[in-house]
Amino acid sequence: MSDAILLTYFISIIFSGIALIPKTRTWMLWVMVGTLILAAPKEVRLWNHFHYYVNAKYFDELEFDQLYECLAVVRDAPFVRRNLQDYTWIQGAANCTANFSPDRWAAFEIDLQRWLMWDDVHRVTIDKGFNGTLPWLVAGKPLANALSPELVSLIDPALMVAAFGFAISRIGWRRAGFAALFILTFWGVFDRFWGNYLQYPWLAASIVAVVIMLKKPTSRLAGAFIGVAAALYIFPAFLLWGRKRRVWEGAIAAGLAMGLLGFSVGGIDDYIGMLHNMATHSSYIRSEPYNVGLANTLTGVANLDQWQNTDFKMSVGAGYDIPDAPSWWIAFVPAVLGTGWAGVMFAGITLSRYYYTILVCYLIEDQKALPWLFGINLIVLLALLVDEPSAVVLNGALLMTMFTFRARRPYIKRARAWIRDVGSPNFTWNHV
């Protein structure tokens, strides 16, 4: 871990604790935000750019499943890697040059030199490849062909600055300050919020959407921002849970428009490949110790001992056995559904940790969630000092607790009221 990452980590712990102090001054919030922006490492994140920048730039040749094979050809050395068509493990010679023209292959080899100098380059090929959507490629592909990794890494911060500028104008400095501080201290991204390639446009769009809906819950424009975010990364569609019809109309219109734009970079076969890639990816991440969701959390509780040496097994490229989610995990779903879109998302799917920055939208919508979110974040940051898989499981368990106790539809309270009212002489079953 670099000195910059260590510094950002410990600052994040301190600032998450300060945010829990009642009546934290607004100016202090923004001083903390500015401090984290200055302290955070800002170099190009090679892991992210290898999967997204390179695959976007050469998508016509690589599609969704040839990135690791082509790296193996460039390295001219057999090594253990993931077969991106079905996620099995393979070793041996590779062949991927058929789709490349001589000029494009020469350019591809030159681009890969940055990653071939990376000491840990073999670890990248045990990840899960490129998981973008065709609508994401509408911007991702031409930008990768036109700009260097250093320049495109500035797009995410610029979009977030714009989103928070809009939030400040609508909800004020204080509310926006807590939201900005939560994102920058969030345990899943404190060390890697910068230097990515178009990894957070969906978050900027989601923030704008919820800010608009605070003032106008029936806004089609807000729905359009959700539709754009969902077209880029699918899961922001959960923001539509419980929204008004006009919001849905805006989201559907924008989502369809983005889907049609996707045909500018690929055809029907590419959409089919995208859906296959997403289905394969989703089936594998649910039980891995680096992701967050209800099924993943309960799997981790039941199989934590199997997860302790996962990182070692991955480091040597040996793969690892994925434990099955316990058959009873579905019984916990009703307990978290009452908290609206966030509880539904947590119950329904498993996501990589950094996607849970979307909880900032939950914080913007409901300020009473602030002590929960900062408290959970602080506990998990401290737990990372002990064991990373355990910290991830703890995060999921704490989120489940939060969603259960903060249900917008208080099932337990309502049941108690019914039981109490049954004894009332004025009670009728119509009350139920």
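Here are the numbers for the structure shown:
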item	result
Nitroxide proxy distance, nm - points 7 Å out along Cα→Cβ at SER283 and LYS368	4.3 nm
Mean Cα-pair separation over length for the chain, i.e. relative contact order, pairs under 8 Å, 6 or more apart, %	18 percent
Total charge dipole magnitude, the chain, about the Cα centre, Cβ charges on Lys, Arg, Asp, Glu only, Debye to nearest 20	2700 debye
Principal axis dimensions, region 49-152 - Cα atoms, whole angstrom, descending	34, 27, 26
Fluctuation leader among ALA230, ALA407, ALA144 - the chain, Gaussian network, Cα springs under 10 angstrom	ALA407
Prolate/oblate/rounded label for region 196-355 (Cα gyration tensor, a/c 1.5)	oblate
Two-decimal ratio, region 1-72, of alpha-carbon radius of gyration to 2.2 N^0.38 Å	1.72
Principal axes of the chain: Cα extent on each, largest first, Å	85, 47, 46
Nonlocal amide H pairs with ILE349, under 5 Å, H built at 1.01 Å	LEU294
For the chain, built as a Gaussian network whose Cα springs stay under 10 Å, the top-fluctuating residue of TRP248, TRP307, TRP328	TRP328
Residue-wise HN-Hα coupling along region 102-115, computed from phi with Karplus coefficients 6.51, -1.76, 1.60 (Hz; x: Gly, Pro)	x, 5, 5, 5, 4, 5, 4, 4, 5, 4, 6, 4, 4, 7
Shape call, region 218-296: gyration tensor on alpha carbons, a/c limit 1.5	oblate
Mean ellipticity per residue at 222 nm, deg cm²/dmol - from DSSP H runs of n ≥ 4 across the chain, formula -39500 (n - 2.57)	-18500 deg cm²/dmol
Close Lys-Lys pairs in the chain, where close means Cα under 22 Å and separation is 8 or more or interchain	10
Accessible area of the chain belonging to carbon and sulfur atoms, whole % at 1.4 Å probe	63 percent
By average C-beta atoms within 10 angstrom, highest first, the peptides 346-354, 52-60, 238-246	52-60, 346-354, 238-246
Accessible surface, region 1-114, averaged per residue in Å² (probe 1.4 Å)	48 Å²
Furthest towards positive pole of dipole, TRP47, ALA94, VAL31, structure part region 30-171, Cβ charges	VAL31
Highest-fluctuation residue, ASN95, ASN277, ASN48 considered, GNM on the chain with Cα pairs under 10 Å	ASN95
Cβ crowding within 10 Å averaged over residues, with 79-89, 175-185, 191-201 ranked highest first	175-185, 191-201, 79-89
Computed FRET value (nearest 0.05) for TRP173 with THR401, which takes r as the C-beta separation and R₀ as 30 Å	0.45
Cα lying deepest toward the dipole's positive end in the chain, options TRP329, PHE108, GLY343, charges on Cβ	GLY343
Test item: Cα-centred dipole of region 53-120, Lys/Arg +1 and Asp/Glu -1 on Cβ, debye	100 debye
Simple label model, 7 Å out from Cα along Cβ direction - ASP76 to GLU249, nm	6.3 nm
Isolated Cys residues of the chain, judged by Cβ distance under 4.7 Å to other cysteines	CYS361
Charge-dipole axis of region 138-292 as Lys and Arg at +1 and Asp and Glu at -1 on Cβ define it, positive-most pick from ALA254, PHE193, GLY242	GLY242
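The values are calculated or read from the model by the stated rules, or taken from the named source; none is laboratory data. All of these numbers come straight from a predicted model, not from anything done at the bench. Using ideal geometry, Cβ is built from the backbone for each residue, glycine included, and neighbour counts are taken over all protein chains shown. These accessible areas exclude ligands, DNA and RNA; they are computed on the full protein's heavy atoms, side chains included. Shrake-Rupley method; radii C 1.70, N 1.55, O 1.52, S 1.80 Å.
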